Each structure stands twice: as C-alpha cells, then as structure tokens.
Amino acid sequence: MITPEVNIDAGPTLDSAEQQIVISMSALLVRAGLEYRGRFIEVDGKSIHYLEYGDGPPVLLMHGGGAGSAIWFRQIEELSKTHRVIAPDHPVLGLSDQVAYEAPFVGNAVRYMNGFMDAVGIVTADVVGLSLGAQMAIGVAIENPERVRKLVVID
C-alpha cells in the first residue's frame, strides 16, 4: 500500500492513532483522485475536523455514527465539480474532539450543526445526511428551515 503524503491545515498536533486516521482517510480520497484537504475549526469549544473541496453552492455531507467524513469520497469527487463540498467529522468521531453530545441529542446536534455552518461561512446549504447525520440534518431542517435549501436523508 502506498502511504499518501498528508498536509493538515492549522490543526492540533496529531498522536499516532490520529495519524493513522488521516492515512486511512487519505487512502479513501486517493481512490477518487482527491488529495486530503482536512481542516480544523472550533465549534462550541470543540475542535472539529472537516474536509472541503470545490467551489459553488455549498453541499454539507453529514456522515453516520461510527464513520467519518472520508466515507463520502465518491460523492465528494462528483459534487466538487460544481459545488463547495464540506464534510465534517462529528464530535466523538474521526479527528474531531472526543467529547460526546449532551442530552437531549437532537437539540445539541442542531446547535452543533448551526455553529459549524456559521464557522465555515454557510448561511444556507443543500444537506445530505446518513443515519446519525440524517437525524442531525432533519433537526436543522425542522428548527431552522431557512438554512437548508435541499435535504437528502439516507437510512
């Protein structure tokens, strides 16, 4: 296996387990002809890792539980040709801070998503959510419908 060369923009120093995550993400992204473009941003006092590709109207890809942002590598490949595609690692998953959501989940997940969208400069976006990400996307669409232009929920 070829280990991709990885550059991380302005993020924390990664330990060896986190470096392995980056290598795994990069391996998926390379399959779609993409280089790793990970960034970190602070949302509600948590460090959130995300991938960002392309230009145009924003599309937010929300992964499910137990996964990470790079699972969208094929969708990123296609959508980034015409859109700004952003795929965050949710708290507790991927390279984001390992701090769990407080109860109630949906309310806090909506607050996280609104904070993330504000932090990356998205007023309104098309949102695609898978499983856990779908719950989050539906929550935002219900609580703040002006932020979601189109909604796709999977599973």
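The values are calculated or read from the model by the stated rules, or taken from the named source; none is laboratory data. Every value quoted in this text rests on a predicted model; they were computed, and no experiment measured them. Heads up, the Cβs are rebuilt from the backbone with ideal geometry, glycines too, and the neighbour counts pull from every protein chain shown.
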Out of (1) exposed (fewer than 15 other Cβ atoms within 10 Å of the Cβ); (2) part of a helix (DSSP H, G or I), the one Phe116 does not meet is (1)
When residues of segment 81-94 are limited to those that are of a type in the set (A, V, I, L, M, F, W, C) and buried (at least 23 other Cβ atoms within 10 Å of the Cβ), the one nearest to the chain's Cα centre (by Cα): Ala87
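To keep it simple, each residue is scored yes or no on (1) without any contact (Cβ under 8 Å) to a residue 60 or more places away in the chain; (2) within 18 Å of Val152 (Cα to Cα).
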residue: Ala27; (1), (2): yes, no
residue: Glu42; (1), (2): no, no
residue: Glu52; (1), (2): no, no
residue: Arg84; (1), (2): yes, yes
residue: Pro88; (1), (2): yes, yes
Cβ-Cβ below 8 Å, separation at least six or inter-chain, first residue in segment 97-116 and closer than 14 Å to Asn144 by Cα, second assigned to a loop (DSSP other than H, G, I, E, B) and among the charged types (D, E, K, R): which pairs? Asn108/Glu102; Arg111/Asp44; Tyr112/Asp44; Gly115/Asp44
Residues to consider are Glu18, Glu77; find the one that is modelled with pLDDT of 95 or more and in a helix (DSSP H, G or I). Glu77
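Asp126: modelled with pLDDT under 90 and under 14 Å from the mean Cα position of the chain (by Cα), yes or no? Give the derivation first.
Working: modelled with pLDDT under 90: no; under 14 Å from the mean Cα position of the chain (by Cα): yes.
No: the conditions fail for Asp126.
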Taking the stated definitions as given, is Lys150 surrounded by fewer than 24 Cβ atoms within 10 Å (Cβ to Cβ), closer than 24 Å to Ser26 by Cβ and more than 16 Å from the chain's Cα centre (by Cα)? no
Near pairs, Cβ below 7 angstrom, 6+ apart or cross-chain, from segment 132-155 (modelled with pLDDT of 95 or more) to any residue that is among the charged types (D, E, K, R) and surrounded by 19 or more Cβ atoms within 10 Å (Cβ to Cβ): Val140/Arg147
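Hey, any hits in segment 84-101 for a residue that's in a helix (DSSP H, G or I), of a type in the set (Phe, Trp, Tyr) and over 19 Å from Asp55 (Cβ atoms)?
Our first condition is that a residue be in a helix (DSSP H, G or I); within segment 84-101, this holds for none.
Checking segment 84-101: not a single residue is in a helix (DSSP H, G or I), of a type in the set (Phe, Trp, Tyr) and over 19 Å from Asp55 (Cβ atoms).
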